[in-house]
Structure formats: structure tokens, C-alpha cells
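Colleague: Before we start, here is the structure in question, set down as C-alpha cells.
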Amino acid sequence: MAERSDRRWRLATRAVRAGQRRTPEGEHSEPIFLTSSFVFGSAEEAAARFAGERPGNIYSRFTNPTVRAFEERLAALEGGEACVATASGMAAILATCMALLRAGDHVVCSKAVFGSTVVLLETWLARFGVETTFVPLTDYAAWEAAVTPRTRMLFLETPSNPLTEVADIARLAELAHAHGALLVVDNVFATPVLQRPLALGADLVVHSATKYLDGQGRCVGGAVVGDAERVGKEVFGFLRTAGPSMSPFNAWVFLKGLETLPVRMRAHCENAMAVARWLEGRPGVRRVLYPGLASHPQHALAARQQSGFGGIVSFELEGGREAAWRFVDATEMVSVTANLGDVRTTLTHPASTTHGRLSPEARAEAGIGEGLLRVAVGLEDVEDILADLERGLEAARRA
Ligand SMILES: *Cc1c(COP(=O)(O)O)cnc(C)c1O
């Protein structure tokens, strides 16, 4: 019955109610099942559960009711048949690759993905015979040219970090399917509130729940969403064996996070738009990157593909690294941290932190200048955010 209602409900209702199954205690909010294992009523029942003949929990590395509630709620939000929760966003990407790729397979991946995703593919999966070609996110000819008969997966993030480039998911899904490959979308930046890749043709969605799904910077976690066969059987099969599963406590925190996700994302979008508009044309600011601005190269695509433009605004200062560091050091309220998707506004200098491991040439080629700053706009009063950014701008101009 829960599943039938899930399908009828609209997004905000799913965020609040999907996946909840009350126990006979009648609790209103979801309980935390902080238990590593589960007891069986009889030897016969234990055998039946182990044999998979009867549903039910065995051990929390496999399944747990609190984790299942989070999985069902996120699946309902993304419009997927199945979801498996993982210990982190990287564990979600690892589980997807381990379950669906084998030696000899080839992956085409956007260059503009999370740094650890690049390292995972380039270093670790390469050891097991999986080869990856990296292409510029919005160069569709490069995607097409990179596909080989062995290509099994296309992987991307949109909007990208930190340049907020937007790629056409439906177009890349078509390319993947024409070659018998899967399209996997990391939906961390947009969240299912603003973008539902499965409805656009993607086969799987991966998440770092650490970001907007939690929204308050408390727990590390992740998830994979997709069809029942690939996610419910294959990715789940890897997870239950290899063990990077989500803790029930973290699942409970993320469940609470999902309840306010639609409201928070709308507020993030509103504040980010105000910040982007305010930054545009200010002295000392060379360019502002936000998909909601008419000046953004993929503004029209973002408006079509997303129901909001997100909370991440990047901008390039005149004066390079010195100006950017003066900006960072002059702020008083925003948090100087690499995290994002938090109610607190965070500020990052990508060239010296998240992208500091790249060579200066690779950074320049990726478009990450020394004067670039990324703001993950939070939910403080926008006037206080702007006042703090004004302090930064004044310092940046003070050569
Ligand atoms: C943070 C992040 C990840 C990795 O998630 P963790 O929870 O830190 O493992 C993957 N993709 C994107 C876009 C991220 O921002």
C-alpha cells in the first residue's frame, strides 16, 4: 500500500512520507533500528530467510528497516524502482562500477567530475582492467568519438563543479543507448528536487547524501538509484557482500533531511540567484557562473532540464590567487570549507583546494582559474550573505 501511494504522491509529499512503515508501537516519526542483526522465530524461518525464500532482515550489512525507509524515500523522489544506500557518495560510485563493470570494459567520463571519482576510475579501477577516457562535459562530439565497442558506461555530473556547466542528459542517454552502454548521472548538485535524470533517460543516479540530502553537514553517506535488476539485484549484491553499507543512524539523519529537501532547495535557489545577480557586473568580478543567469552558456538547457538552478555560484575575480585569498580571508560569516549543500554558506578557492592536485596546465585547461571562487549559497538571510561577500570584494580590490 505504501508503494501505491508513493506513486500517486507529488514530490513534496514523497519527501515527507514515502518509505515510512509504522511498527505496532504507532510511532509518528521513523524509529532508528540501531541493531546489527535480527532474530528469527524458528530454525525453519532462519533457513527460509537465508535462502531468500521469505523476506525479512538478517544482518544490517544486508538490510535494515531505517536504511530501507531512506532508500524507499529517495527512490520515490528520483522516480526509480530501486535504491541502495551506501556508506558515502564514493561508495555509491564504487558499488555501481564494481557491480556493472568487468575487466576489459571501457568507461567514458566527463572531465568535470568530483576529484575522487577521477582517481577511482583512473587509478583503482584501471588496476582491474577497466579503462576510462575523460572528455569535456559539453563537447558532444568528444563523447561520441570516445565511445568504443567495449564502452559499457558513460558517467557525468550536471551541473558541474565548480564551473556549473550543464550537459544535456537526454542527448547523452541516447548516445549511450545507441552503443549498448549505460548512462550514470551523479545528481548531487541538482538533487531530485531540481532534476530527475531517470525521467530524462539515464539508467542510474548516484548520490552523495553528505551534501544537500542531509543539508546540515552532519553525516557522510550515499545512494544508487535505478531499476530493480541492476540496482536492486546487482548493486545490492555487491554491497551486501563487500560491505560499504549505510549505518542506520546515518539513514535516520538523511530521512529527516529528505523531509525538508524540497523547501530547502527552493530557498537555496532563491538565495543563489540573488547572490549571482548581485555579483554580476560588480567591480573586480570578471565573470559569474550560475545556470540561472541569462549570460550562462547553457542557461536555456538548464531552464528546460531543471526545475531550479541550484545553490552553487562560482565567480572569477580580477587579480588571480592573491585577490581570491584576500577575499576568502576578509569574510567573517561564511564558512571556509570544501563542503557544499549545507544550510550554512560555504566558500572555496578550488585552485588551491579541491583542484589543487591538478597541474597548473590541467587546471587552466579545465577552466579553473586562480581567481575563481565557489560559493555554495546557504540559507542565512541573503542580506547577511551579501554583506559578507562585499567585505571579500573590497579586500580583493585592495591590491
Ligand atoms: C561529495 C561528492 C561526491 C562524493 O561523496 P562523499 O559522500 O564525499 O563520498 C561525489 N560527487 C559529488 C558531485 C560530490 O559533491
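The values are calculated or read from the model by the stated rules, or taken from the named source; none is laboratory data. This one's a predicted model, so the numbers in the text were calculated from it and none came from an experiment. Note that we place each Cβ from the backbone using ideal geometry, even for glycine, and neighbour counts take in every protein chain shown. To get the accessible areas, we keep the full protein, side chains included, count just its heavy atoms, and leave off ligands, DNA and RNA. Shrake-Rupley method; radii C 1.70, N 1.55, O 1.52, S 1.80 Å.
Colleague: Take region 182-236 and flag every residue that is more than 12 Å from the ligand (Cβ to nearest atom), in contact (Cβ under 8 Å) with a residue 40 or more places away in the chain and assigned to a loop (DSSP other than H, G, I, E, B).
Modeller: Q195, R196, G215, Q216, D227 - these are the residues of region 182-236 that are more than 12 Å from the ligand (Cβ to nearest atom), in contact (Cβ under 8 Å) with a residue 40 or more places away in the chain and assigned to a loop (DSSP other than H, G, I, E, B).
Colleague: Going by the structure shown, is V334 modelled with pLDDT of 95 or more and either open to solvent by less than 20 Å² (accessible area, probe 1.4 Å) or outside the structural domain of G310 (by TED's automatic domain parsing) (or both)?
Modeller: yes
Colleague: Within region 130-167, work out how many residues are closer than 29 Å to G371 by Cβ, in a loop (DSSP other than H, G, I, E, B) and more than 16 Å from the ligand (Cβ to nearest atom).
Modeller: Total meeting the criteria: 3.
Colleague: Considering only residues that are away from the ligand (no atom under 16 Å from the Cβ) and touching a helix residue (DSSP H, G or I) at 6+ places or on another chain (Cβ under 6 Å), which ones fall in region 88-109?
Modeller: If we filter region 88-109 for residues that are away from the ligand (no atom under 16 Å from the Cβ), which is where we start, we get 99-106, 108.
Those that are away from the ligand (no atom under 16 Å from the Cβ) and touching a helix residue (DSSP H, G or I) at 6+ places or on another chain (Cβ under 6 Å): A99, V108.
Colleague: Would you point out which residue out of A43, A76, A85, A112 is modelled with pLDDT of 95 or more, open to solvent by less than 80 Å² (accessible area, probe 1.4 Å) and either away from the ligand (no atom under 16 Å from the Cβ) or under 21 Å from L156 (Cβ atoms) (or both)?
Modeller: One residue alone meets the criteria, A76.
Colleague: Would you pick out the residues in region 160-174 that are open to solvent by 10 Å² or more (accessible area, probe 1.4 Å) and either modelled with pLDDT of 95 or more or touching a helix residue (DSSP H, G or I) at 6+ places or on another chain (Cβ under 6 Å) (or both)?
Modeller: Result: L163, E165, D168, A170, R171, E174.
Colleague: Still on this model: Taking only pairs six or more apart or across chains, which ones have beta-carbon atoms under 6 Å, a first residue in region 14-34 that is at positive phi, and a second residue that is basic (K, R) and surrounded by 12 or more Cβ atoms within 10 Å (Cβ to Cβ)?
Modeller: G19/R73
Colleague: Considering (1) more than 18 Å from the chain's Cα centre (by Cα); (2) open to solvent by less than 20 Å² (accessible area, probe 1.4 Å); (3) not aromatic (F, W, Y), say which one R277 fails and leave the rest.
Modeller: All conditions are met except number (2).
Colleague: Restricting to region 60-75, name every residue that is in a helix (DSSP H, G or I) and of a type in the set (D, E, K, R).
Modeller: Within region 60-75, R68, E71, E72, R73 meet the criteria.
Colleague: Restricting the search to region 91-111, which residues are of a type in the set (D, E, K, R) and assigned to a strand (DSSP E or B)?
Modeller: none
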